[in-house]
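Please read the structure below before turning to the comments.
The values are calculated or read from the model by the stated rules, or taken from the named source; none is laboratory data. Not measured: the values here are computed from a predicted model. Here the Cβ positions follow ideal geometry from the backbone for every residue, glycine too, while neighbour counts run over all protein chains shown. Remember, those area values only see protein heavy atoms, side chains included, never the ligands or the DNA or RNA. Shrake-Rupley method; radii C 1.70, N 1.55, O 1.52, S 1.80 Å.
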Amino acid sequence: MRYAAPLDDNSKIVTNLVIIITLIFLFRQITDVSQDAVTTTMLLFILVPAILVAWCLSPRYYILTATTILIKRPLHSITIQLEDVVRLRSVTEEDLGTSSRLLGVGGIFGYLGTYRSSEIGKYQRWCTNRENLVLIESLNRKWLISPTGADDFVKRVNATINIPA
């Protein structure tokens, strides 16, 4: 079954602002006649790859099969074997406590990468919004995803791995 991964309002605003700012810098770079646009060039060398990497890593959708959960991304999809899942539940931002990014993106095309939480420890976050959060736990890893219809997703996975909802 396929579950959508729409961006929340905050991600839409941040993503669009960063893209607009990058386009403004690009326009300034192209139209600069003084040939003294070192600052703009440096900003473009940072912003353009950051936007591309964030887009390549952001989830497009999630697929639940009989044996796996697939986090479909443009660059490289993540496969989580259901046999490795020991716990799966819906959570809220409050359940995570204080979270900080260890290596990730917080807003451009979603909330992506490695995070640390005061409540659940280190986890991989592959969310496009801060609602409908689902925490997937295996023996040695944790993933946080945000499929639409999170309650249905949790019920289906828990039924498949024989864990009461």
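Along the charge dipole of region 53-165, Cβ charges K/R +1 and D/E -1, which of A159, I80, G104 sits furthest on the positive end? Selected residue: G104. Between the amide H of K142 and those of Q124, distances stay under 5 Å, these residues lying 5 or more places away or on another chain, with hydrogens modeled in the peptide plane. The distance between label points at F27 and S138 comes to 4.7 nm (points 7 Å beyond Cα on the Cα→Cβ vector).
Average accessible surface for the chain: 57 Å² per residue, computed with a 1.4 Å probe over protein heavy atoms with every protein chain in place. Taking all Cα pairs closer than 8 Å and separated by 6 or more residues, the relative contact order of the chain comes to 23 percent. Placing +1 on each Lys and Arg Cβ and -1 on each Asp and Glu Cβ, with no other charges, gives the chain a dipole about its Cα centre of roughly 360 debye.
Relative to the longest principal axis of the chain, what angle (0 to 90°, nearest 10) does the C-alpha long axis of helix 150-160 take? Between the helix axis and the principal axis of the chain, the angle is about 40 degrees. Radius of gyration (Cα atoms) of region 88-165, expressed as a multiple of 2.2 N^0.38 Å: 1.06. Distance between the pseudo-spin-label points of R60 and V86 (7 Å out from Cα toward the beta carbon): 3.4 nm.
Summarise the accessible area of the chain (1.4 Å probe, protein heavy atoms) by the percent that is carbon and sulfur. Percent of accessible area from carbon and sulfur atoms in the chain: 59.
Normalised by 2.2 N^0.38 Å, where N counts its residues, the alpha-carbon radius of gyration of the chain equals 1.21.
The mean sequence separation of alpha-carbon pairs under 8 Å and at least six residues apart, normalised by the residue count of region 55-94, gives a relative contact order of 30 percent.
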